[in-house]
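To start, the structure under review is shown below, and the notes come after it.
Nothing in this text is a laboratory measurement; each read-out follows from the coordinates by a stated rule. In this text the structure is predicted, and so the values were computed from the model without any measurement.
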Amino acid sequence: MQEREQSYRLYSCRGCSVSVSICGRCDRGNIYCAGECAAVSRRASNRRAGARYQRTRRGARRHAARQQAWRDREGEKVTQQGCAPVGPVFTMSITVDVAAIETLDAPCTPEERIIVPTRRDDGGQRPVRRCDFCHAPLPAFTRLRSGRGWGFG
């Protein structure tokens with residue numbers, strides 16, 4: 001077996017456009033981040049496929065049969081309970097002095113801002129990058145393609 005140089009791939013998620021780093025062990029040609037983007041895209045794809053199917057004759061017939069079976073099963077089930085008896089209604093008016101309310105999230109004035117300069121205290125070392133999927137440390141070499149062929153597209 002030929003030994004390959006260890007590398008990782010850097011790509012932009014097609015769902016949220018976040019930059020994703022993925023190690024060779026986790027890389028299966030992924031195009032989405034480790035978050036919810038893949039699941040969201042999968043649900044949207046399934047919805048589109050279902051809508052396409054329902055536009056066919058067979059899909060429309062099966063949908064109609066399924067709906068009819070549901071209506072037959074449900075029978076005369078009543079889901080509307082009607083209006084509750086109305087009792088006396090009480091109203092109360094309150095006056096609030098907005099100026100007297102103290103908010104903790106209020107923006108501070110320019111005189112109150114304290115600007116602290118940021119310092120790098122990591123000894124000049126670059127932080128260790130990690131795979132966004134398995135969180136393993138990544139090697140120094142980055143691939144920008146999937147490595148499954150050099151074709152364009």
Next item on the list: Quick one: work out Rg over Rh on the C-alpha atoms of segment 1-87, Rh as Kirkwood radius.
Entry: 1.33
Item checked: 5 angstrom amide H check on residue 33, placed H, neighbours 5+ away -> 14, 15, 16, 38
Margin query: Under 5 Å between amide hydrogens, which residues at least 5 positions from residue 133 or on another chain qualify, with H placed 1.01 Å from N in the peptide plane?
Written below: 23
Next item on the list: Enumerate the calculated ³J(HN,Hα) couplings along segment 40-51 in order (Karplus 6.51 cos²θ - 1.76 cosθ + 1.60, θ = phi - 60°), each rounded to whole Hz, writing x wherever the residue is Gly or Pro.
Entry: 5, 5, 5, 4, 5, 5, 5, 5, 5, 5, x, 5
Notebook entry, point to check: When the chain is fully extended, how far beyond the present Cα-Cα distance does residue 31 get from residue 18, taking 0.36 nm per residue of separation?
Noted result: 3.6 nm
Item checked: Whole-percent pair-distance distribution, where bins are 5 Å wide, for the alpha carbons of segment 24-67 -> 5, 19, 16, 16, 12, 10, 9, 8, 4, 1
